[in-house]
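Novice: Following this message is one structure expressed as structure tokens.
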Amino acid sequence: MSAFKSDFLRIMSERGFIHQISDESGLDQLFAKETVTAYIGFDPTAPSLHAGGLIQIMMLYWMQQTGHRPVALMGGGTGMVGDPSFKEEARKLLTVETIQSNIDGIKQVFSSYLNFGDGPRDALMVNNAEWLLPLNYLEFLRDVGQHFSVNRMLAFDSVKQRLDREQSLSFLEFNYMILQAYDFVELNKRYDVRLQMGGSDQWGNIINGIDLGHRLGTPQLYALTTPLLTTSSGAKMGKSLGGAIWLNADMLSPYDFWQYWRNTEDADVGRFLKLYTTLPLAEVSRLASLGGSEINEAKKVLATEITALLHGRAAAELAAETARKTFEEGALAETLPSVDVANSTLEAGVGILSLLVTAGLASSNGEARRHVQGGAVRLNDQPVSDERRSVTLQDLSPENVIKVSLGKKKHILVRPA
RNA sequence: GGAGGAGUGCCCGAGUGGUUAAAGGGGACGGACUGUAAAUCCGUUGGCUUAGCCUACGUUGGUUCGAAUCCAACCUCCUCCA
């Protein structure tokens with residue numbers, strides 16, 4: 001990797017964000033010379049982004065920190081089509097209502113990382129539905145469609161792979177990359193966006209936008225992609241402990257979010273510290289070089305720093321303290337995630353199986369039963385072997401809660417309400 | 001439009017009339033070992049009021065004592081021909 005002159009690219013490079021850049025020196029000069037506006041698109045396929053999207057958000061964060069203007073693009077329009085890049089089959093079409101509510105959910109997260117506003121360096125959030133929805137098909141074909149070569153689009157890896165595997169690609173999906181290319185050009189016109197960033201799977205889509213820009217006479221546009229994130233053992237990022245690592249607090253508590261990062265594989269600690277925290281690189285390399293069990297300290301720092309960026313310093317430290325009490329002291333941490341159960345229900349007694357389901361530790365009574373049979377369930381730290389065990393007010397601890405555990409790591413407090 | 005092939009559980013993939021809730025693998029979850037890690041080993045992996053019942057092999061019907069397995073129509077995808 002060459003030495004970059006601009007702060008932004010230097011940081012991106014040092015911290016491991018860069019996979020490919022369309023024109024390194026050209027982009028570097030641009031960043032060194034003026035305030036650059038760059039965007040990343042987020043498709044509203046779920047009510048929250050998950051850990052996989054964090055790397056993109058961090059890029060926007062660094063943009064703003066180095067004096068540039070980040071744009072978060074909500075794919076309200078493209079979400080209606082669905083990105084086929086590297087996908088094996090078509091996604092189910094989302095309804096307009098779902099897309100809108102997903103956008104509403106996704107939006108929340110950005111304010112933790114970016115300052116939005118109308119100033120020259122304030123971040124922007126825009127929705128491509130704004131310009132895609134009103135498009136007139138024939139006009140669009142003539143103005144934009146004429147510039148696309150199907151031959152060329154078919155040659156892109158993101159599409160080719162699908163065709164090679166003899167899986168069908170609908171015309172609808174095929175249009176996705178054209179819309180994304182159009183977005184890039186439109187954002188250039190509207191906000192002087194010069195750069196589009198994204199995951200490495202977006203390379204083809206971004207390049208299409210650059211080409212379209214050439215033909216429609218925009219200034220030179222640029223592409224920057226991030227590496228595809230996997231853990232060192234090859235697993236995809238963002239899934240663990242029975243579900244996706246959502247960024248929205250109402251879908252995954254700050255404590256559980258903290259726990260996810262706390263359980264990072266040893267080999268990933270340094271890489272993740274660079275990508276997901278803002279700690280100075282010297283500190284990162286010190287932490288990452290800790291050997292043996294000492295690296296657990298680095299994992300705690302990692303977890304706390306990431307959580308602090310997303311949910312705030314206070315929530316992060318609370319999560320760290322909760323974990324410390326639970327795992328290091330073996331004490332009851334009253335700040336563990338909890339569920340409320342009606343007092344009357346507890347009075348009458350509730351079966352351990354349905355309590356596990358209520359607590360979200362099992363998705364069905366059958367699964368809960370298997371967990372009990374497998375010896376994974378504990379009630380107030382006491383193993384439960386009887387699947388007919390009834391849980392009542394008698395089980396309340398002095399703190400007025402019941403601790404339900406599945407395995408060693410998942411603990412939920414049941415609170416009478 | 002014609003001919004042929006395919007559609008199985010979270011995913012991949014066996015299975016061509018009966019002990020098939022369906023081999024095997026992956027993933028996921030639990031356990032052991034550790035350091036709340038990785039690797040490794042073991043177990044579990046449709047639902048329920050669980051010695052039983054219900055739902056399930058693209059959809060809908062049919063044949064049969066009995067079907068994922070046979071038949072018909074339909075839907076979707078693939079290949080070749082036009």
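Novice: Determine whether A:Asp256 is modelled with pLDDT under 95, within 14 Å of RNA strand B (Cβ to nearest atom) and not aliphatic (A, V, I, L, M).
Specialist: Considered against the rule, which asks whether it is modelled with pLDDT under 95, within 14 Å of RNA strand B (Cβ to nearest atom) and not aliphatic (A, V, I, L, M), A:Asp256 comes out as yes.
Novice: Related question: Grab the helices (runs of 4 or more DSSP H) fully contained in segment A:306-375, keeping just those with 3 or more residues being open to solvent by 20 Å² or more (accessible area, probe 1.4 Å) and at pLDDT below 95.
Specialist: Per the criteria, A:343-348, A:352-358, A:365-373.
Novice: So, one more: With respect to the numbered conditions (1) over 16 Å from A:Glu265 (Cβ atoms); (2) out of contact with any strand residue (DSSP E or B) (no Cβ under 8 Å at 6 or more places or on another chain), which one is the sole condition not fulfilled by A:Leu287?
Specialist: Going through (1) over 16 Å from A:Glu265 (Cβ atoms); (2) out of contact with any strand residue (DSSP E or B) (no Cβ under 8 Å at 6 or more places or on another chain) one by one, A:Leu287 breaks only (1).
Novice: Among the residues of segment A:293-304, is there at least one that is more than 15 Å from RNA strand B (Cβ to nearest atom), under 30 Å from A:Leu114 (Cβ atoms) and among the hydrophobic types (A, V, I, L, M, F, W, C)?
Specialist: Checking segment A:293-304: not a single residue is more than 15 Å from RNA strand B (Cβ to nearest atom), under 30 Å from A:Leu114 (Cβ atoms) and among the hydrophobic types (A, V, I, L, M, F, W, C).
Novice: If a residue has to be in a helix (DSSP H, G or I) and either among the small types (Gly, Ala, Ser) or in contact (Cβ under 8 Å) with a residue 24 or more places away in the chain (or both) to count, how many in segment A:284-305 make the cut?
Specialist: So the count comes out to 13.
Novice: When the residues of segment A:236-251 are narrowed to those that are open to solvent by 50 Å² or more (accessible area, probe 1.4 Å), assigned to a loop (DSSP other than H, G, I, E, B) and within 11 Å of RNA strand B (Cβ to nearest atom), which ends up modelled with the lowest pLDDT?
Specialist: Step by step, filter segment A:236-251, then rank; the result is A:Leu241.
Residue-wise test of (1) open to solvent by less than 30 Å² (accessible area, probe 1.4 Å); (2) under 19 Å from A:Gly217 (Cα atoms); (3) part of a loop (DSSP other than H, G, I, E, B); (4) free of Cβ contacts under 8 Å to residues at least 40 places away in the same chain.
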| site | (1), (2), (3), (4) |
| --- | --- |
| A:Ser112 | no, no, yes, no |
| A:Pro120 | no, no, yes, no |
| A:Glu130 | no, no, no, no |
| A:Leu154 | no, no, no, yes |
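Novice: Let me ask another. Say whether the condition of being open to solvent by less than 70 Å² (accessible area, probe 1.4 Å), within 19 Å of A:Tyr61 (Cβ to Cβ), away from RNA strand B (no atom under 16 Å from the Cβ) and of a type in the set (Phe, Trp, Tyr) is met by at least one residue in segment A:179-186.
Specialist: no
Novice: Here's a follow-up. For a quick check of your reading of the model, give me the residue pairs whose first member lies in segment A:252-278 and is open to solvent by less than 10 Å² (accessible area, probe 1.4 Å), whose second is more than 8 Å from RNA strand B (Cβ to nearest atom) and among the charged types (D, E, K, R), with beta-carbon atoms closer than 8 Å and at least 6 apart or on different chains.
Specialist: A:Leu273/A:Glu305; A:Leu275/A:Arg15; A:Tyr276/A:Glu305; A:Thr277/A:Glu305
Novice: Something else: Out of A:Ile103, A:Ile40, A:Ile55, A:Ile99, which single residue is under 14 Å from A:Met197 (Cα atoms), in contact with a Pro (Cβ under 9 Å, 6 or more places away or on another chain), open to solvent by less than 10 Å² (accessible area, probe 1.4 Å) and at pLDDT below 95?
Specialist: A:Ile55
Novice: All but one of (1) among the aliphatic types (A, V, I, L, M); (2) under 19 Å from A:Gly52 (Cβ atoms); (3) open to solvent by 30 Å² or more (accessible area, probe 1.4 Å) hold for A:Ala282; which doesn't?
Specialist: If we test A:Ala282 against (1) among the aliphatic types (A, V, I, L, M); (2) under 19 Å from A:Gly52 (Cβ atoms); (3) open to solvent by 30 Å² or more (accessible area, probe 1.4 Å), just (2) comes out false.
The values are calculated or read from the model by the stated rules, or taken from the named source; none is laboratory data. Quick caveat: nothing in here was measured; it's all calculated off a predicted structure. Virtual Cβ from ideal backbone geometry, glycine too; neighbours counted across all protein chains shown. Note: accessible area is taken over every heavy atom of the protein model, side chains too, but ligands, DNA and RNA are not part of it. Shrake-Rupley method; radii C 1.70, N 1.55, O 1.52, S 1.80 Å.
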